[in-house]
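Engineer: This is the structure, below, for whatever I ask next.
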Amino acid sequence: MEYDKQVKNRVKRIEGQLRGILKMMEDNKDCRDVVTQLSATRSAIDRTIGVIVSSNLVECVREANESGEKNPEELVKEAVNLFVKSR
């Protein structure tokens, strides 16, 4: 799968959030603020997983329709299972 620039930028933003959280910890910031930022980072990761799985599903179904190799329903099941595993 090709990861587009937008998905890579999402991961870079998450990386920046994590670095910021580490800095907050090093500066002994309030635990509520740290947990709030960790929660925001987890949400960003979850959204990124959803984008990747859905993009991959669209790509796989398109290829399956063109080649006739795989049943699109099987691909949907695989994508749902992958998404559920990420939870």
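Engineer: Output the number of the condition that LEU18 fails; it satisfies all remaining conditions of (1) in contact with a Leu (Cβ under 7 Å, 6 or more places away or on another chain); (2) without any contact (Cβ under 8 Å) to a residue 24 or more places away in the chain.
Structural biologist: (1)
Engineer: Would you confirm whether or not the range 48-69 contains a residue that is open to solvent by 70 Å² or more (accessible area, probe 1.4 Å), in a helix (DSSP H, G or I) and touching a residue at least 24 places away in the same chain (Cβ under 8 Å)?
Structural biologist: No, the range 48-69 contains no residue that is open to solvent by 70 Å² or more (accessible area, probe 1.4 Å), in a helix (DSSP H, G or I) and touching a residue at least 24 places away in the same chain (Cβ under 8 Å).
Engineer: So, in the range 70-81, exactly how many residues are assigned to a helix (DSSP H, G or I) and open to solvent by 70 Å² or more (accessible area, probe 1.4 Å)?
Structural biologist: Summing the residues that are assigned to a helix (DSSP H, G or I) and open to solvent by 70 Å² or more (accessible area, probe 1.4 Å) in the range 70-81 gives 6.
Engineer: Go over the candidates ARG13, ARG62 one by one and state the one that is modelled with pLDDT of 80 or more and basic (Lys, Arg).
Structural biologist: ARG13
Engineer: Here's another thing I want to ask about it. Specify the residue that is surrounded by the fewest Cβ atoms within 10 Å (Cβ to Cβ); the eligible residues are those in the range 26-47 that are farther than 29 Å from LYS85 by Cβ and not charged (D, E, K, R).
Structural biologist: The selected residue is ASN28.
Engineer: I would also like to ask the following. Using the structure shown, decide if VAL11 is part of a helix (DSSP H, G or I) and free of Cβ contacts under 8 Å to residues at least 12 places away in the same chain.
Structural biologist: Criteria not met by VAL11.
Engineer: Another question about this same structure. Could you please tell me which pairs satisfy a Cβ distance under 7 Å, a separation of 6+ or placement on different chains, a first residue in the range 24-39 that is closer than 19 Å to ILE14 by Cβ and of a type in the set (Asp, Glu), and a second residue that is modelled with pLDDT of 95 or more and open to solvent by less than 80 Å² (accessible area, probe 1.4 Å)?
Structural biologist: Qualifying pairs under 7 Å: ASP33/MET24.
Engineer: Could you check the range 1-35 and list, in sequence order, the residues that are basic (Lys, Arg) and in contact with a Ser or Thr (Cβ under 6 Å, 6 or more places away or on another chain)?
Structural biologist: The answer is ARG10, and nothing else.
Engineer: Here is a further query. Counting just the residues of the range 46-87 that are touching a Pro at 6+ places or on another chain (Cβ under 8 Å) and hydrophobic (A, V, I, L, M, F, W, C), which one comes out farthest from LYS12 (Cα to Cα)?
Structural biologist: Looking at the filtered set, the residue picked out is ALA64.
The values are calculated or read from the model by the stated rules, or taken from the named source; none is laboratory data. What you see is a predicted model; the values in this text were computed from it and never measured. Positions of Cβ are backbone-derived with ideal geometry, glycine not excepted, and every protein chain shown enters the neighbour counts. Heads up: the accessible areas ignore ligands, DNA and RNA and are worked out on the full protein's heavy atoms, side chains in. Shrake-Rupley method; radii C 1.70, N 1.55, O 1.52, S 1.80 Å.
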